[in-house]
Amino acid sequence: MKAMREDSAGGVSSSDRSVHQLFLMGSLGIMSVVLTFFVQTNGPLYGEVGVTHWIRDNTPGVVDLIAGLIDPALTDMAAPLVFIAIAFMVWWRWGRYPVLLLGLAGAFTGLTRVGDLVHRPRPTAAVEWSSYSVGSGGYPSGHAVFAVLVLGTIAVLSRRYSTPRASKVIVASMKLLIALTLWSRVSRLEHWPLDVVGGGLMATVGLVGIIWLHPRLRVFALARPHLRHLLRLD
């Protein structure tokens, strides 16, 4: 019974951890819905213009330079190719089961397609509100969704499938790339701040979902010989 209540992570039961993860997913999901409701206005929300000006004016040039190099890899055309390359590397280094989880994270990036439902234009070069045109929706930020979900999943998987030293490097690198991506979407005037916040919230729901699903899907597969063999879990 005690073994059921405590694990090697320091006395936190797996059931308690599951409840916390589900609660976090639910909370973030509710926050996403509420924010999506509030941003459906004909203008930026209070404080967005000032925050955008501050971020643009106080961002070191090197940040926008690095972001300019990253940005082409996360466009609608290039992102699927980048994802395929990442998935191949994960399969090569970590195996089939991690690729399955990464594939689920990639599927969740379909959240970027809801941007036009909100009809929220991107900021102009003068940090002003413009008229909306079909296909130019800015909410949620697709770059934010991709970065948090895909790069976050890589960081999570590295803790399980890499050596401790390699995992530290991977996690730090993914955190830096995520931070640069989120910040630069505003500093480069590609999105309003709440576009990025909304994308980050939605993506984090999916990321926590991947963390919650990881051990449960593994147990499910291990109990089925054909699936266990397919995913190389022997």
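Could you list, in sequence order, the residues of the range 177-212 that are among the aliphatic types (A, V, I, L, M) and over 20 Å from residue 118 (Cα atoms)?
177, 178, 179, 180, 207, 208, 210, 211
Working only within the range 75-113, note down all residues that are out of contact with any Lys or Arg (no Cβ under 9 Å at 6 or more places or on another chain), of a type outside the set (Val, Ile, Thr), surrounded by 14 or more Cβ atoms within 10 Å (Cβ to Cβ) and more than 20 Å from residue 205 (Cα to Cα).
Hits for the range 75-113 are 79, 87, 91.
Does residue 169 satisfy the condition of being under 30 Å from residue 39 (Cβ atoms), among the β-branched types (Val, Ile, Thr) and in a helix (DSSP H, G or I)?
The answer is no for residue 169.
Just a yes or no: is a residue in the range 104-118 of a type outside the set (Asp, Glu), at pLDDT 95 or above and more than 28 Å from residue 50 (Cβ to Cβ)?
no
Yes or no: the range 128-143 includes at least one residue that is assigned to a helix (DSSP H, G or I), among the small types (Gly, Ala, Ser) and within 22 Å of residue 75 (Cα to Cα). Spell out how you get there, then give the answer.
At the first step, the residues of the range 128-143 found to be assigned to a helix (DSSP H, G or I) are 142-143.
Subsequent filtering for residues that are among the small types (Gly, Ala, Ser) retains 142.
Retained after the next criterion (residues that are within 22 Å of residue 75 (Cα to Cα)): 142.
Yes, some residue in the range 128-143 is assigned to a helix (DSSP H, G or I), among the small types (Gly, Ala, Ser) and within 22 Å of residue 75 (Cα to Cα).
Of all residues being polar (S, T, N, Q) and over 17 Å from residue 63 (Cβ atoms) in the range 149-181, which is surrounded by the fewest Cβ atoms within 10 Å (Cβ to Cβ)? Just the residue, please.
163
Where the second residue is surrounded by 16 or more Cβ atoms within 10 Å (Cβ to Cβ) and part of a helix (DSSP H, G or I) and the first is free of Cβ contacts under 8 Å to residues at least 12 places away in the same chain and lies in the range 152-167, which pairs have Cβ atoms under 6 Å and are six or more apart or on separate chains?
167/158
Looking only at the range 18-37, which residues are over 25 Å from residue 216 (Cβ atoms) and either assigned to a loop (DSSP other than H, G, I, E, B) or in contact with a helix residue (DSSP H, G or I) (Cβ under 8 Å, 6 or more places away or on another chain) (or both)?
Answer for the range 18-37, where residues must be over 25 Å from residue 216 (Cβ atoms) and either assigned to a loop (DSSP other than H, G, I, E, B) or in contact with a helix residue (DSSP H, G or I) (Cβ under 8 Å, 6 or more places away or on another chain) (or both): 35, 36.
Let me confirm something: among 156, 196, which residue is closer than 28 Å to residue 23 by Cα, part of a helix (DSSP H, G or I) and in contact with a Lys or Arg (Cβ under 7 Å, 6 or more places away or on another chain)?
Exactly one residue qualifies, and that residue is 196.
The values are calculated or read from the model by the stated rules, or taken from the named source; none is laboratory data. Model, not experiment: these values are computed from the prediction. All Cβ positions, even for glycine, are placed from backbone atoms using ideal geometry, and neighbour counts span all protein chains on display.
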